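Participant: This is the structure I have questions about; it appears just below.
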Amino acid sequence: MSTPGPIRLSPRRRNPLIATLAILVGLTVIAGIGSRIFTDKLWFDSVGFVEVFSTQLLGELALFGIGFALIGGLLAANMYIAYRLRPQARRRGASAILDRYRDLLEHNLLLVIAVPSVLIGGLAGLSASSQVLPVLAWLHRVPSGIKDSKFGLDTTFFMLEYPVWRLTASMVLSALVLALIAAVAVHFAVGNLASGRPRVRGAAPGPVARHLSVLAALVVAVYGIENLLDRYGLMVTPGVLFDGLKYTDDHARMTAKLVVAVIAFIVAALFLVNAFVNRVMVPIVGVVLMVASGLILSLIYPTIVQAFTVKPNEPDKERDYIGKHVQATRQAFGIDNVSIEDYPAVVNVTPGQLKEDAATLPSIRLMDPGLVSATFEQLQQVRGYYSFPNTLAVDRYTIDGKPTDAVVAARELLQSGIPDKNWNNIHTVYTHGYGFVSAYGNRRQTNGEPVWITRDIPPVGDIKQTQSRIYFGEETTQFAIVGRLEGQAPLELDTPGGGTTGGESYNTYDGSGGVGIGTLPLRAMYALRFSDVNLLLSDRINAASKILYDRTPQQRVQLVAPWLTPDKTTYPAIVDGRLVWIVDCYTTSSSYPNAQSVSLAEATSDSQTRGSTTLDERVNYMRNAVKAVVDAYDGTVNMYAWDDTDPILKAYSGAFPDVVKPKSAVSPDLLAHLRYPSDLFKVQRQLLARYHMTDPGSWYQQSDLWEVPSDPTPGNSNAKEPAYYLTIRWPKESQAAFSLTGVFVPKGRQNLAAYLAVNADAASPDYGKLRVLRMSGSYQIDGPGQTFNQITTDPRVAQIMRNYTQGSSEGKYGNLLTLPVGGGLLYVQPIFAVRAGTTSSYPVLTYIAARFGQHVGIGTTLQEALDQVFAGDAGASTGELPAGTPTTPTGPTAPTTPTTPTTPTGQVDQAAANAALDAASEAMTAADAALKNGDLATYQAKVNEAKAQIAKALQAMGR
């Protein structure tokens, strides 16, 4: 039988259309990538952080090159070596498929080797480049000075070094495994390896055996190194009882990893010997034994130790490990210095009991930031294209020389409220919001509305604002085109009124923010970036135009400091006359040795933050290392090192020098508005529910386990009660302090277990001091749920709420606040009225309920409610105006009451004054009756009538 000739591969005719399309697609991809990189560079230039861009880009390119060269290069080199080792004379006809592969290799060697090497190498390079931040931190690591309990290594080894070493070992192992597979495939294709039955000893050519043996030796050796690294990984592994090193890890898995590593090194040595001695069965048997021993030592043996040694004696066997775990967790989350003191809270009431709390009572916040958002919306929205957040922020300002808790918000542009959502309106006309709005947290007008500190457009009030336009804010998610040539009319809608004709006024942005887009190439690049051809076609873009994008405070902070995790809550403030956004930022890690990991999304979720977009990141280390400030007008980002002892902050400050300013650069006005961050407090609160117990026995038995109670107010079922910013006076201290507070109940119970507060005033020397009041274990103090039940079932409260139900208004309970006053705990809950069935209704504060011990009071003022609770005399004034006294906004544009002829100054018309006061009294009586019937329209009309009559009385008295 004749030997078959070589198989000839007939060349395929190339389709020019396909080639053209491929070239066009390639050019489009390249143009898209290039425009993205260049426009990113322009953005970083505009914010003054181009070194962040360049450092990351160079790092990504370097890591891409390393990953590409390591995996792609090893793949290509070993495929080529295998091809070079092909036999010079080959037998054909044994396998048609094998013959075809051989011919393909010989005729297209470069293509066969290059395509898989480039593709796999490219993927490896992209994977490596995504790790640029951990690598930069590793290169600039600084010791923390804290050692782990097992190896005595600095904690930064686990947080900054171990992840990089583990990543490197994994990448090298992947590269070697792929190279081995590719080499075997080529050896097989060229006939170096037999197909079919096994070959006898010595049949494989020597060079082939050496090649494959060396590769196998390297694979097994790196696997051994991974097992050595895994010994350190046991310090950060999750567990059922707790995370970190446990008894079974220390006495079984730790030894198993070491033994498997030693076996791997021995097998690697056998493969190297096989490269010269050609005893392939010896290392193969070694691999089988290594796998078997790995299964026994890593899986079966630890399971036996856990089941038969640890489980029956778990409290004793794990005691030392629990103690070290608790200590590490408290260190990792900054709760190791929390102060816990017993608080024998009194439940009895006596007249004058709150005398020592005279400085605290006037500061009790009555305006619920979650409810009065709708009030801000209705009274200060002005137009439908403006909006306020669903939950407002709480800050403090000095008004008339006194620190004042305020409910604050920024009037932002609402894209969905734009009347005509065409391209020009969205991107060139409706470009910004306007105004900082604030109200006293502890005051209300007689009609229940907030007492404004600042309001209206342009803003007026007691907080002076030199710049309050909002081009950068939480709702500014669309790009904007701003800037006009000299002589061109402005296009950007500035205010709904105030123009020369009494209509809208317009503005031209003159800030430093944004990127110039006045040339055709730049317009083309941004058209590619945003996939928007209008950026090329619009006549509104000229030589003076800028484009504003990436405009939310969190976006801007994360872009200039991608190694930080921002707090979910960003709040506005007026600092040195300018509206800015304050963003608390965290350094986090998931590899702090022996610490418990927590889910950020779960720990920070409560009744006010449900539906948050926070990623479900698990961390076991957290520090509020940086305070960031974003200017609302020009988008400037300033970051300040708040915790300069944090090793992660030090590492990234070394990688990105001068990006974070020193704490000393914080201005006094900014310092007055910095506060303790809510997300950190919530995480610490969740951990303290168990980790307040430092004794391993108590911790294991969970004998004093706490939990965060559910928010008792209607509509918040199963959602945790929020943490509240309040001004409180700590027991036995003389001064009240702005604080962030929360409470605990025993696990599965509703009575109060503890009260937690942290000094939230950044200007205070006690800032960040966590303190806990532990309730007595001999008698019960009612928790929030029980207190809410007592308030709602109180006959006076129930009657008032029935009036709402029977009328046209709905009663809404506000946040239930807890304050340590009078030697016990005072609960305060505002009650709001909302007219039912109308889209224009909004909550107004009508009553305040209070509870101390078993005593409940309710009144139209907090003072009235407290006096009811404390036997007719609380002993201190809340500082509120008497019920029925009108309170109007302050400022140059405050609404004025109707004027009537007045008597000359200094002359008194007593009869007219008395008549006016009687009329005012009758109007207020009618207003109260209307309110009880739920008729808010009549209520508002009668209140306004009373205001007018009081004004007449004042005029009649010559005032």
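FYI, it's all coordinate maths here, none of it is from the lab. For clarity, every value in this text was computed on a predicted model and none was experimentally measured. Neighbour counts are summed over all protein chains in view; Cβ atoms, including those assigned to glycine, are modelled from backbone coordinates with ideal geometry.
Participant: In nm, what is the difference between 0.36 nm times the number of residues separating Thr938 and Thr519 and their Cα-Cα distance? Could the numbers behind the result be given before it?
Facilitator: Numbers: separation 419, 0.36 × 419 = 150.84 nm, distance 6.07 nm.
Contour length minus Cα-Cα distance gives 144.8 nm.
Participant: While we're here: Which three lengths, in whole Å and largest first, does the stretch 319-461 cover when its Cα atoms are put on their principal axes?
Facilitator: Sorted largest first, the three principal extents are 67, 51, 27 Å.
Participant: Could you state the per residue volume, in Å³, of the convex hull enclosing the Cα atoms of the stretch 198-317? Before the final figure, lay out the partial values.
Facilitator: On the way: hull volume 11.9 nm³, N = 120.
Spread over its residues, the Cα hull of the stretch 198-317 gives 99 Å³ apiece.
Participant: Going down the list Lys464/Lys546; Lys812/Lys942; Lys627/Lys769; Lys150/Lys311, which pairs span over 25 Å between their C-alpha atoms? Don't skip to the answer; put the middle values down first.
Facilitator: On the way: Lys464/Lys546 29 Å; Lys812/Lys942 22 Å; Lys627/Lys769 18 Å; Lys150/Lys311 22 Å.
Cα-Cα > 25 Å for Lys464/Lys546; rest within.
Participant: What's the magnitude of the charge dipole for the stretch 61-197 around its Cα centre, counting Lys and Arg as +1 and Asp and Glu as -1 at the beta-carbon? Answer in Debye, nearest 20. Could you put the intermediate results ahead of the total?
Facilitator: Details: 12 positive and 6 negative charges, 115 e Å.
Roughly 560 debye for the stretch 61-197.
Participant: Let me ask you something else. Describe numerically, in nm with one decimal, the distance between label points set 7 Å from Cα along Cα→Cβ at Asn424 and at Val240.
Facilitator: With each label point 7 Å from Cα toward Cβ, the separation is 6.9 nm.
Participant: Quick one: the Cα spread of the chain along its three principal axes, in angstroms, biggest first?
Facilitator: The principal-axis extents, from largest down, are 135, 79, 52 Å.
Participant: Could you put Ile481, Ile37, Ile541, Ile284 in order, starting from the residue whose Cβ has the fewest other Cβ atoms within 10 Å? Could the numbers behind the result be given before it?
Facilitator: On the way: Ile481 27, Ile37 12, Ile541 23, Ile284 15.
Neighbour counts put them in this order, fewest first: Ile37, Ile284, Ile541, Ile481.
Participant: What do you get for trypsin sites (Lys or Arg not before Pro) in the stretch 572-640 restricted to DSSP loop and a cutoff of at most 11 other Cβ within 10 Å of the site's Cβ? Don't skip to the answer; put the middle values down first.
Facilitator: Working: sites: Arg578, Arg610, Arg618, Arg623, Lys627; in loops: Arg610.
Taking the stretch 572-640 and a limit of 11 other Cβ atoms within 10 Å, the loop trypsin sites (Lys or Arg not before Pro) found are Arg610.
Participant: Any chance you could check the Cα centroid distance between the stretch 743-805 and the stretch 702-737 for me, in angstrom?
Facilitator: 6
Participant: Where in the stretch 730-823 are there chymotrypsin sites (Phe, Trp or Tyr not before Pro) that are in a DSSP coil and have at most 11 other Cβ atoms within 10 angstrom of their Cβ? Display every interim value, and only then the final one.
Facilitator: Details: sites: Phe738, Phe744, Tyr755, Tyr767, Tyr779, Phe788, Tyr804, Tyr813; in loops: Tyr767, Tyr779.
Within the stretch 730-823, the qualifying chymotrypsin sites (Phe, Trp or Tyr not before Pro) (loop, at most 11 other Cβ atoms within 10 Å) are Tyr779.
Participant: Calculate, in whole percent, how much of the Cα-Cα pair population of the stretch 507-648 lies beyond 26 Å.
Facilitator: Numbers: 4221 of 10011 pairs.
That fraction is 42 percent.
Participant: For the chain, what does -39500 (n - 2.57) per DSSP helix run (n ≥ 4), summed and divided by total residues, give at 222 nm, in deg cm²/dmol to the nearest 500? Each step should come with its number before you reach the end.
Facilitator: Working: 27 runs with 363 residues, N = 959.
The helix-only estimate for the chain comes to -12000 deg cm²/dmol at 222 nm.
Participant: Sticking with this structure for a sec: Report, as a whole number in µm² per second, the diffusion coefficient that Stokes-Einstein gives for the stretch 433-582 at 37 °C and 0.692 mPa s using the Kirkwood radius over alpha carbon pairs. Kindly include the intermediate steps, with their values, before the conclusion.
Facilitator: Working: Rh = 17.9 Å.
Taking Rh from Cα pairs, D becomes 184 µm²/s.
Participant: Can you tell me the FRET efficiency between Asn278 and Trp165 if r is taken as the Cβ-Cβ distance and R0 is 41 Å, rounded to the nearest 0.05?
Facilitator: Once the sixth-power term is evaluated, E becomes 0.70.
Participant: Taking 0.36 nm per residue of sequence separation and subtracting the Cα-Cα distance, how much length would be gained by fully extending the chain between Leu299 and Leu536, in nm to one decimal?
Facilitator: Here the segment from Leu299 to Leu536 would lengthen by 79.0 nm.
Participant: Let me ask something additional. Roughly how many Å is it from the Cα centre of the stretch 55-73 to that of the stretch 517-574, as a whole number?
Facilitator: Between the Cα centre of the stretch 55-73 and that of the stretch 517-574, the gap is 28 Å.
Participant: Farthest toward the dipole's positive end in the chain, which of Ala757, Ile517, Ala665, given Cβ charges of +1 (Lys, Arg) and -1 (Asp, Glu) about the Cα centre?
Facilitator: Ile517
Participant: Could you tell me the ratio Rg/Rh of the stretch 779-869? Both radii from Cα atoms, Rh via Kirkwood. The partial results should precede the final answer.
Facilitator: Numbers: Rg = 13.6 Å, Rh = 13.6 Å.
Checking Rg against Rh, the ratio lands at 1.00.
Participant: Let me ask another. Report the one residue of Pro746, His325, Leu413 whose Cα lies farthest in the direction of the positive end of the charge dipole of the chain (charges on C-beta: Lys and Arg +1, Asp and Glu -1; origin at the Cα centre).
Facilitator: Comparing the listed Cα positions along the dipole, His325 ranks first.
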